[in-house]
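This report refers to the structure that appears directly beneath it.
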Amino acid sequence: MATTNDLKNGTTLRLDGGELWNVVEFQHVKPGKGGAFVRTKLKNVVSGKVVDKTFNAGAKVEIANVDRREMQYLYNDGDSFVFMDTETYDQINVPNEVVGDSANFLLESAMVTVAINEGNPLYIELPAAVEMEISQTDPGVQGDRSTGGTKPATLETGAVIQVPLFITTGERVKVDTRSGDYLGRVN
């Protein structure tokens with residue numbers, strides 16, 4: 001057990017009957033009248049739902065022990081993704097539901113951070129940007145446009161993103177893993 005004074009961004013709390021919540025941001029507030037309190041924005045680890053919650057200053061909260069390890073993605077066996085700890089060579093199966101949309105930007109042998117609580121994988125964190133190859137895109141056609149146009153392109157993982165018209169099949173591009181946005185070409 002800890003108090004609200006020990007909260008930091010990224011801390012994982014166990015609240016409301018065992019649910020795990022990450023502290024996205026917090027603010028210690030001391031009004032001129034009345035007791036101090038801590039205003040937090042919490043994100044549910046499993047569902048991704050974000051809520052605002054206020055605690056009295058000094059209130060007891062349970063901090064969950066979350067082990068975050070750098071792991072290498074090996075392969076998908078259909079039901080789960082298999083990751084390997086590069087220090088111990090232990091392999092862990094992470095269910096498809098936990099990986100979710102991150103699978104669109106996950107290449108074999110990629111390094112990711114896997115968060116584990118009591119032996120259960122909670123979520124994976126990809127690097128902010130990854131380099132991928134365009135496996136298919138139609139040729140861009142210049143037309144009557146006041147701004148640069150975009151077209152759909154399929155990445156080597158099968159995900160579809162919007163790229164500028166000058167991008168061709170076989171080129172390597174940098175993609176933002178959080179939003180799926182095109183960031184630029186890679187030479």
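Observations
- Shape parameters for the chain, alpha-carbon atoms, Rg then Dmax in Å: 21.3, 66
- Each residue of segment 173-180 was assigned a 3J(HN,Hα) from its phi angle through the Karplus expression (A = 6.51, B = -1.76, C = 1.60, θ = phi - 60°), giving 10, 9, 10, 6, 6, 7, 10, x Hz with x at Gly and Pro.
- Residue-by-residue Karplus 3J(HN,Hα) for segment 103-110, coefficients 6.51, -1.76, 1.60, Hz, glycine and proline x: 4, 5, 10, 9, 9, 4, 6, 6
- For segment 1-135, a crude dipole built from +1 on the beta carbon of Lys and Arg and -1 on the beta carbon of Asp and Glu, taken about the Cα centre, is about 1260 debye to the nearest 20.
- In Å, descending, principal axis extents of the Cα set of segment 27-93: 58, 25, 15
- Highest average packing first - 68-74, 27-33, Cβ atoms within 10 Å: 68-74, 27-33
- Förster-model FRET efficiency, 25 Å R0, Glu156 and Ser179, C-beta, rounded to 0.05: 0.85
- Pairs of alpha carbons in segment 99-187 whose separation is greater than 23 Å (percent): 31
- Dipole check for segment 1-58: with +1 at the C-beta of Lys and Arg, -1 at the C-beta of Asp and Glu, and the Cα centre as origin, the magnitude is about 180 Debye.
- The chain: calculated mean residue ellipticity at 222 nm from DSSP helix runs of at least 4, using -39500 (n - 2.57): -500 deg cm²/dmol
- Sequence-ordered 3J(HN,Hα) estimates for segment 128-137 from the Karplus curve with 6.51, -1.76 and 1.60 and θ = phi - 60° stand at 4, 9, 10, 9, 9, 9, 7, 8, 7, 7 Hz, glycine and proline given as x.
- Inter-centroid distance (Cα atoms) of segment 94-153 relative to segment 7-57, Å: 30
Values in this text are rule-based calculations from the coordinates and carry no lab data. Predicted model only: the values in this text are computed from it and were never measured. With ideal geometry, Cβ positions are generated from the backbone for all residues, glycine too; neighbour counts draw on all protein chains shown.
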